1. If you take the residues of the range 1-57 that are hydroxyl-bearing (S, T, Y) and at pLDDT 85 or above, which of them is nearest to G270 (Cα to Cα)?
2. If we keep just the residues of the range 122-144 that are free of Cβ contacts under 8 Å to residues at least 60 places away in the same chain and surrounded by 15 or more Cβ atoms within 10 Å (Cβ to Cβ), which is farthest from the ligand (Cβ to nearest atom)?
3. If you go through the range 77-99 one residue at a time, do you hit one that is surrounded by fewer than 17 Cβ atoms within 10 Å (Cβ to Cβ) and within 16 Å of the ligand (Cβ to nearest atom)?
4. Name the one entry in Q250, Q257 that is outside any loop (DSSP other than H, G, I, E, B), of a type outside the set (F, W, Y) and either at negative phi or buried (at least 18 other Cβ atoms within 10 Å of the Cβ) (or both).
5. So for the range 208-227 (the condition being in contact (Cβ under 8 Å) with a residue 60 or more places away in the chain and not in a strand (DSSP E or B)), does at least one residue qualify?
6. Check whether at least one residue in the range 101-114 is modelled with pLDDT under 95, over 19 Å from the mean Cα position of the chain (by Cα) and not charged (D, E, K, R), and report yes or no.
7. Considering only residues that are among the basic types (K, R), in a loop (DSSP other than H, G, I, E, B) and over 28 Å from E200 (Cα atoms), which ones fall in the range 128-178?
Amino acid sequence: MLQDLSFGRLYNEYKDVAPQDGDVVICVQESSVLLRRNPDDSLELPRYKEVCRWLEEEKWSSWNEDKFHYVFRLQDCNYFLWMGAAGACADPGYHYENTRQLRQLQSKDICFAAMTAWHLYVWYRNNQFCGRCATPTVHDKAERMLRCPQCGNMIFPRISPAVIIAVTDGDRLLLSKYAGRAYTRYALLAGYTEIGETLEQTVQREVMEEVGLRVKNIRYYKSQPWGVDGNVLMGFYCDLDGDDTVHLDQNELAMAQWFPRNDLPAKDDGISLTREMIRIFEEGKEPK
Ligand SMILES: [Zn+2]
């Protein structure tokens, strides 16, 4: 999956450090991230030294005096965020790539870094002011937290829990397609956890809401951080309980259909939890 990086994990412990010339800077413009495509089609993120040069040439606006903020460490390299809206970049080779397209990038480590940094960027952007008293927030020095200097409100990064659900019936798996979205490939059912419910209750409620089916024997499989939507996804398998007739919520889904284990129309892409769960079912290796 996307977060399974060949060189190990992303080090997300917070540090209060200043950027060095060779450090990577994630620059965001609206919903896009700045990337360079090399002649061999590989991709790179800009370095601090380059961004400083652009700042001299172009006017990039930052939210406050804290222009660069440390986000995490990946493959022996510190990553920073440009704290504001990135501007024009005249350097040939660089372009802004929409965060929705990042999963299609060849380089999994760049995709994961950019999606995770985007998650933090959105949180910083949306919390420049205290939601309780409207005073400008400041960065805490010891941990990744925004603090209100007026009322003491502490704001931590928001991560939304959501479930991915593989509904099975013996050797059949239920696949669906979303309604009204750019993503038109087969998917598993999914939904956000509501306040006051367990993850297992989310599974039961979402399956009933989206396809009108009862399920039992709910088994946890794996989780996946999915920064582009600010989520942590948790994958579950479950068994059909009773009638197999699908009653589609047409606001959410364009279709939902049972497919046999040996004829599933979706392959693992090495990126998403959904696709891995479909492959695991195909191989008969799902938790029983
Ligand atoms: Zn406040």
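1. Within the range 1-57, the subset hydroxyl-bearing (S, T, Y) is 6, 11, 14, 31-32, 42, 48.
Then drop every residue that is not at pLDDT 85 or above, which leaves 11, 14, 31-32, 48.
Working: Y11: 21, Y14: 28, S31: 24, S32: 23, Y48: 30 Å.
Per the criteria, the residue is Y11.
2. Here is the first cut: in the range 122-144, the ones free of Cβ contacts under 8 Å to residues at least 60 places away in the same chain are 126-127, 129-135, 137-138, 140.
Next cut, surrounded by 15 or more Cβ atoms within 10 Å (Cβ to Cβ) only: 127, 130, 137, 140.
Values: N127: 11, C130: 3, T137: 8, D140: 14 Å.
Applying the filter and picking the extreme gives D140.
3. Among the residues of the range 77-99, not one is surrounded by fewer than 17 Cβ atoms within 10 Å (Cβ to Cβ) and within 16 Å of the ligand (Cβ to nearest atom), which makes the answer no.
4. On the way: Q250 fails: outside any loop (DSSP other than H, G, I, E, B).
Sole residue among the options that is outside any loop (DSSP other than H, G, I, E, B), of a type outside the set (F, W, Y) and either at negative phi or buried (at least 18 other Cβ atoms within 10 Å of the Cβ) (or both): Q257.
5. Looking through the range 208-227, at least one residue is in contact (Cβ under 8 Å) with a residue 60 or more places away in the chain and not in a strand (DSSP E or B).
6. Going residue by residue through the range 101-114, those that are modelled with pLDDT under 95 are 101-114.
From what's left, over 19 Å from the mean Cα position of the chain (by Cα): none.
No.
7. At the first step, the residues of the range 128-178 found to be among the basic types (K, R) are 132, 141, 144, 147, 158, 172, 177.
Now drop any that are not in a loop (DSSP other than H, G, I, E, B), which leaves 132, 141, 144, 158.
Matches in the range 128-178: R132, K141, R144.
The values are calculated or read from the model by the stated rules, or taken from the named source; none is laboratory data. Model, not experiment: these values are computed from the prediction. Note that each Cβ is placed from the backbone with ideal geometry, even for glycine, and that neighbours are counted across all protein chains shown.
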